[in-house]
Every structure is written in structure tokens, then in C-alpha cells.
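Structure first, commentary second.
The values are calculated or read from the model by the stated rules, or taken from the named source; none is laboratory data. No experiment lies behind these values; they were computed from the predicted model shown. For neighbour counting, all protein chains shown are included, and Cβ atoms are generated from backbone atoms with ideal geometry for every residue, glycine included.
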Amino acid sequence: MIINPIARREIKTRFRTGRSAVTVSVWLLMVGAAGYLIFLLARSLASDRFRFSGGSSVLASTYMGSLMFELLAMLLLGAVLVVVPTVAALAIVGERERLTLELLQVSQLSARQVVLGKLGSSLAYLLLLVVAVAPVLTLPLLIGGVTLADILVAFAMIALTAVMVGSVSIWVSSAVKTSRGAVAASLLFVGIITFGTLLALGAELFAFQDDNGQFFPRTGREVVSIWANPFFGMVSAVEEPLSIRTNADTPFGLASELLLRRQAGDMSLVGIVTEEFVGGPVAEPGFNELGQANNAGVPLRRGPVWVRTLAIYTFVTLLALWRATRRIAVPLRRV
Amino acid sequence: MIVQMIGVEKRYGTTRAADGINLMVPQGSVMGLIGPNGAGKTTSMLIMSSLLQRDGGQVTVAGYDPAVDSGEVRRSLGYMPDFFGVYEGLTSYEYLEFFATVHGVRSHAISTVVRSLLELVGLAHKATTDVNVLSRGMKQRLSLARSLVHDPDLLILDEPASGLDPRARFELRTLITELSRMNKTVVISSHILSELEGIATHLAVVDRGRVMAQGSIDEIRAALTGVSAVRARVPDDQVDAAVDLLRANPVVSDVATERGVIRFSLGGDEHDSAQLLASLVRAEIPVFEWRTESAGLEELFLKITDGGEE
């Protein structure tokens, strides 16, 4: 298999150091501990929530599995948003500081190969961290409430986010003069797409509320600010089309309520699992037999958010890689 | 000519780093670029290495324009900058292996190439040593090996002796001489002129973004030393007679004496020198010593660069 020589060298030198072994071990311990804490939390919440359910352990474990999956997915997304920019931001500026960039530029490697090699090595580190925690992430599958497709879709969106953030960080790295500046700028970008878009969401909802203080009219309304948000993108990919698995008081449930309103507007058409509906395994109108909202009947007024997220991230990725390539390509133009 | 630069210009803002550089590097030569810091040596090297875009003029390296066919140019040249780029955690062998890969050396040949280069630069015993712990001299030799991984015809070495101790300099000089014997063309810059003396077959004196003089060392000497310094030794009691005789000749000037030694400037060639000596002998003045002193590179350099002072 032909591997980009830059990626191969960096992977080899990075993973042979003691620091990598320590990092992976600490990461495993952290995820293991976090997984256990999430398990305890989910079990406690499920127990509280379903104490009147007449011993419906299926319902409780479904809720518990969903909650665990969602929290672990968020943990992994958070790790991506911190680790990838921190590693990728050093890619080009690090070569400059080590005085090795010129040596690569005068080689037979094209600027594109240099950039892709750097992206590959940055993502390889993340891949190791993900593979290391795979057993923990499959735990919700055993408990229930989550399908393999849910997990794979969430992983795909996390991977897309990683590629996009990594590409932007490499672009930043090619443009900024110091390592510290490159890491700071990359983390600032991550801050903008996560917290910045949430602030924009608040402003958007506030600005477009109707006279009665309702954020959404009955016909629903597009919410532009969440398109670029990695969390909403992931939730949308798992939840849309809005069919099942909608629990109001889980992280994904809160986000998917917004997605429901964006799609439907008329909340009387859709059901959110609340205490009054969880009394037994009998399916209520709008819910399946597990008490989960069955929103299959919700008319899709617009395409799902994840499609927009995918389009935006793909565009930003290609733009960032093109700009990074242009920045390190020499000579820059013909005479 | 393996390198031709004609009227090359490069500006950084208002500073003219290259102000119409004309440089011809013959195939198989060791061309020394000498000049003070900021003269335009590195700029010229970066342009010919395809690492810097020129603003004007024409350049061909091995028949290709670096700005247009950079891939072909990079295939033909090995570039060694005036710093050693370090990758942490690589051994000398892995370091060269990596650069052989990125220079497109076929995978089955890499091991042979790397081992022979380590042998050539005398670092075979350091093959498994981390590059970070090598001495500066060893790093320079490894760096030279790196620039040779793809067997280029042309080597561009920017201040390779900078910061080296005398022994490391000697080793590097020996290595460059060896490369010259291997029919490599070497362009080497330095502001330490003694580094170039003995290894450079050709010189280009660069100052203020221009090549002030270039050619083989003998050609430059001949062009610049229209006046040679001559040292003659005669018996003490014959000094005055010898001086009178010399002063009577129109090609002689600046005559000075010191304990039987006469020094003067000769404004002529070897024939004039021989005729002067013959006239002293005809006047029955014993001549114990008669030597034309050639200008050293240092002197040539100062002469050329001073000439450009305004």
C-alpha cells in the first residue's frame, strides 16, 4: 500500500515515543472512567425516570443506552475538536520552525502531497485514540436503544468534522508564523463553529420570535445558525429523518426538538416522550411501543440539517486544502 | 553551462536583493559565490533552486526554467541550505531514507543509496544514531548526503562551512573536492574566502545584488591584477642602484625598500617582469630573489567590492 511519505514518517516518529504511549494510556483511562461515570449517571436517570413504569426494564435500558451513546459521542466529538486542531495546527508552521519546509519544497513532492500528508498524519493520531476507545463506545449497543447504524452515522459525522477542522488548521498553519499563534487561531475557529454558532442560534431565535414570543411559527422556520455546528450536524445525521429514538431529556433529544420544530412547526403533530407517555409498553398515538416518538408522519418541509453541514464542511475542507497548498507551493507564479 | 542567469531581478519591498544578476556556471565546475552578507548570494541560489520567484530576467538550470519546469529543475539539483533541518526521533539512516523517498528514489534502491551515501560522507558508523545528537560537522555532512540522495548533477550549497570547526571544515572541503571528481557541478557560497580557495575552480563575486566579476580564478586574477606586486632581493650595497634602475622603467611604480628587499608594483605582464630582471642582471646587480606575488582571493574580493563603493 502506498502511504504518503510525510504521513508515514510522522506516524512512525510520533508513535514510537514514550509520550504517545502515555497519551494513549491516559486517554484510555479517561474514556474508561468517563464511560463508567456515564453508565452510572444513565442508570440513575433511567431508574428515576422509569420508576413508575411498572418494571419496564426494556424502556429503562433503551433510555439508558441512548443516553450513554449520546454522551460518549459528544465526548468523542469534544476530543476531536480539541485534539485535531492542536495537532494539525503545528503541521506546516512546525516544518518552518524546524527549517525543514524548504527541504520538502525542493523535493519531488508536490505541495498537495505535503498538505495531504500533514492532514493524514494529524488524523492518524485521532484514529488511534478512536480505535483505543471503540470497546467503550460499543457498550450502548449491548444495553439497547441504539443501533449500529446510529453509531456509524455518528462516527461518520465526527470524522467529517475532524477532516474539516484538520484542513482549516493546516491552512492556518501555513499562514501563521508561530506554533502558538497557529494553535490559538485553530482553536478560535473551533470555538466559533461550536460556541459561536450557539450564540448565533440564540440571537436568531430571539430576533425572529413572533408577537406572542413564540420562536417558531406553525409553519416552521429554517435555523441557519446550526448548519455549521458540529453537534447539531451529528444529531441531525442520527435523528433525521425524524422517525424514532427521540427522547426529550437527553442531549440529542433537546437538539432534535429544535430539528422537529424546524421541520414541522406544528408541535401537535409530533410527540416528545414525556412522563405521561411512559406509563407502559402500549404504543400511544405518535409513539412506538417503546414510548419513543414516532415522527414518521412529520412532513419534511426542508432538507435535513446534516446535508447542509456536509455541504458546508466539504466546501470549507476543499477551500482550506487549496489555500494551504497555494501557500506552500513555490514558485508561486510564472514569470 | 548548467546554470545561466541573465539580468535576474528580485525585490523585497524597496530592497533590491538581485539587481540584474548575470551568472554562468560551467558544467563540472566548482563555482564559488563570494560576497558580503546581504549581497544576493542566497537569493540567487534560491532562485536557481526554484524556491524563490524572480521578478525579472531569465534563468535556466540544466536547460529548464525553474519558474516553469520546477519539477525538472528539482530532479537535476541537490540543495543544501545554510541550516540543518532536524526531524526529531529519526536516525541518520531514516533521515536519508525519508528524503530519498520524497525525492522519488525507487523503493528497492533506497537502502543501497542511503548506505553508500553514509559511507561517502563518513557516517556509516552513525547510521542508527539519532540525528539530533550528531555534532554540527556530522550534521553538515549528513545534510550534504541528503542533497545527494537523488544523484543530482548540480549541487547548490549555501554557506556549508558556516559555524564548523577547522577539522569539520577540512572534512567538508575534502568531500566537496571528491564530489567535483565525481563530475558534479557545485555552486557554493561563502563569505569566508579561504573556504573557497583551493576547492573553487570558478568564482563569482556578488555585491549589492550584482555579479561584479566572474570566471575561473585565473581569469579573475588576470582581469583584476593589471598591476602585480613584485618582491626582489639584492645585496644591501646594490639596493640604491637597483631602485634607480627600476624607477627608470615606466611599468614600475610604488617602489619601497626594506633591508635589502625591494617591493614594487609592476604595471605589465610576465614579459615585462622578465625584461626588468634581465636589465638588473645586465647592470651586474646580483638578484637573490625575484618573485611576483599574486593577489589572494581576499585581496581580489576587497578590490572588487571596494570598486563598487560609491
Output the number of residues of region A:166-179 satisfying the condition of being of a type outside the set (S, T, N, Q), outside any loop (DSSP other than H, G, I, E, B) and farther than 14 Å from residue A:121 by Cα. 4
Provide a single number: the residues in region B:62-92 that are touching a residue at least 12 places away in the same chain (Cβ under 8 Å) and away from chain A (no Cβ under 12 Å). 3
Mind listing just one residue for me: the one in region A:162-179 that is over 24 Å from residue A:102 (Cβ atoms) and touching a Phe, Trp or Tyr at 6+ places or on another chain (Cβ under 8 Å) and, of those, surrounded by the most Cβ atoms within 10 Å (Cβ to Cβ)? A:165
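Sort through A:182, A:159, A:154, A:132 and tell me the only one that's in a helix (DSSP H, G or I), free of Cβ contacts under 8 Å to residues at least 12 places away in the same chain and either of a type in the set (A, V, I, L, M) or surrounded by fewer than 19 Cβ atoms within 10 Å (Cβ to Cβ) (or both). Please lay out each step first, then the result.
On the way: A:182 fails: free of Cβ contacts under 8 Å to residues at least 12 places away in the same chain; A:154 fails: free of Cβ contacts under 8 Å to residues at least 12 places away in the same chain; A:132 fails: free of Cβ contacts under 8 Å to residues at least 12 places away in the same chain.
Within the list A:182, A:159, A:154, A:132, the selection yields A:159.
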Extreme residue, nearest to the chain's Cα centre (by Cα), among residues of region B:120-133 that are part of a loop (DSSP other than H, G, I, E, B) and either facing another protein chain (nearest Cβ under 10 Å) or surrounded by fewer than 20 Cβ atoms within 10 Å (Cβ to Cβ) (or both): B:122
Hey, residue B:149 within 14 Å of chain A (Cβ to nearest Cβ) and in contact (Cβ under 8 Å) with a residue 60 or more places away in the chain or not: yes
What number goes with the only condition from (1) away from chain B (no Cβ under 14 Å); (2) modelled with pLDDT of 90 or more that residue A:92 does not pass? (1)
Checking residue B:195 against (1) under 30 Å from residue B:148 (Cα atoms); (2) charged (D, E, K, R); (3) at pLDDT 85 or above, the condition it does not meet: (3)
Please find, among B:262, B:217, the residue that is over 20 Å from residue B:148 (Cβ atoms) and either at pLDDT 85 or above or buried (at least 20 other Cβ atoms within 10 Å of the Cβ) (or both). B:262
Return the pair list, or none, for Cβ contacts closer than 6 Å from residues in region A:4-17 that are at the interface with another protein chain (Cβ under 8 Å from one of its Cβ atoms) to residues that are at pLDDT 85 or above, at least 6 apart or on different chains. A:5/B:101; A:5/B:102; A:6/A:117; A:9/B:98
Given the conditions (1) within 23 Å of residue B:163 (Cβ to Cβ); (2) at pLDDT 90 or above; (3) not β-branched (Val, Ile, Thr), every one holds for residue B:38 apart from (2)
How do the pairs read when you match residues in region B:162-191 that are free of Cβ contacts under 8 Å to residues at least 40 places away in the same chain with residues anywhere that are surrounded by fewer than 17 Cβ atoms within 10 Å (Cβ to Cβ) and assigned to a helix (DSSP H, G or I), using Cβ under 7 Å and keeping only pairs 6 or more apart or on different chains? B:163/B:136; B:164/B:136; B:168/B:136
Keeping to region B:137-170, report how many residues are under 20 Å from residue B:43 (Cβ atoms), of a type outside the set (Ser, Thr, Tyr) and in a loop (DSSP other than H, G, I, E, B). 3
Of (1) surrounded by 19 or more Cβ atoms within 10 Å (Cβ to Cβ); (2) closer than 20 Å to residue B:26 by Cα, residue B:75 satisfies every one except (1)
In region B:228-259, which residue that is farther than 16 Å from residue B:291 by Cβ and in contact (Cβ under 8 Å) with a residue 40 or more places away in the chain is surrounded by the fewest Cβ atoms within 10 Å (Cβ to Cβ)? B:235
For residue A:168: the one exception among (1) under 17 Å from residue A:94 (Cβ atoms); (2) out of contact with any Pro (no Cβ under 9 Å at 6 or more places or on another chain): (2)
Anything in region B:61-120 that is out of contact with any Ser or Thr (no Cβ under 7 Å at 6 or more places or on another chain) and charged (D, E, K, R)? List them, or say none. B:65, B:69, B:72, B:75, B:94, B:97, B:106, B:115, B:119
Which of the residues spanning region A:102-112 are hydrophobic (A, V, I, L, M, F, W, C) and within 7 Å of chain B (Cβ to nearest Cβ)? A:103, A:104, A:106, A:109
Out of curiosity, is residue B:3 under 18 Å from residue B:146 (Cβ atoms), β-branched (Val, Ile, Thr) and in contact with a Leu (Cβ under 7 Å, 6 or more places away or on another chain)? no
By residue number, the members of region B:100-119 that are facing another protein chain (nearest Cβ under 7 Å) and not hydroxyl-bearing (Ser, Thr, Tyr) are B:102, B:103, B:104
Quick check: is even one residue across region B:22-34 of a type in the set (Val, Ile, Thr) and within 14 Å of another protein chain (Cβ to nearest Cβ)? no
Please determine whether any residue of region B:156-164 is within 24 Å of residue A:109 (Cβ to Cβ) and touching a Gly at 6+ places or on another chain (Cβ under 9 Å). yes
Regarding residue A:99, is this residue touching a strand residue (DSSP E or B) at 6+ places or on another chain (Cβ under 9 Å), within 14 Å of chain B (Cβ to nearest Cβ) and of a type in the set (A, V, I, L, M)? no
Which listed residue, of B:111, B:147, is at pLDDT 90 or above, out of contact with any Pro (no Cβ under 6 Å at 6 or more places or on another chain) and more than 22 Å from residue A:3 (Cβ to Cβ): B:147
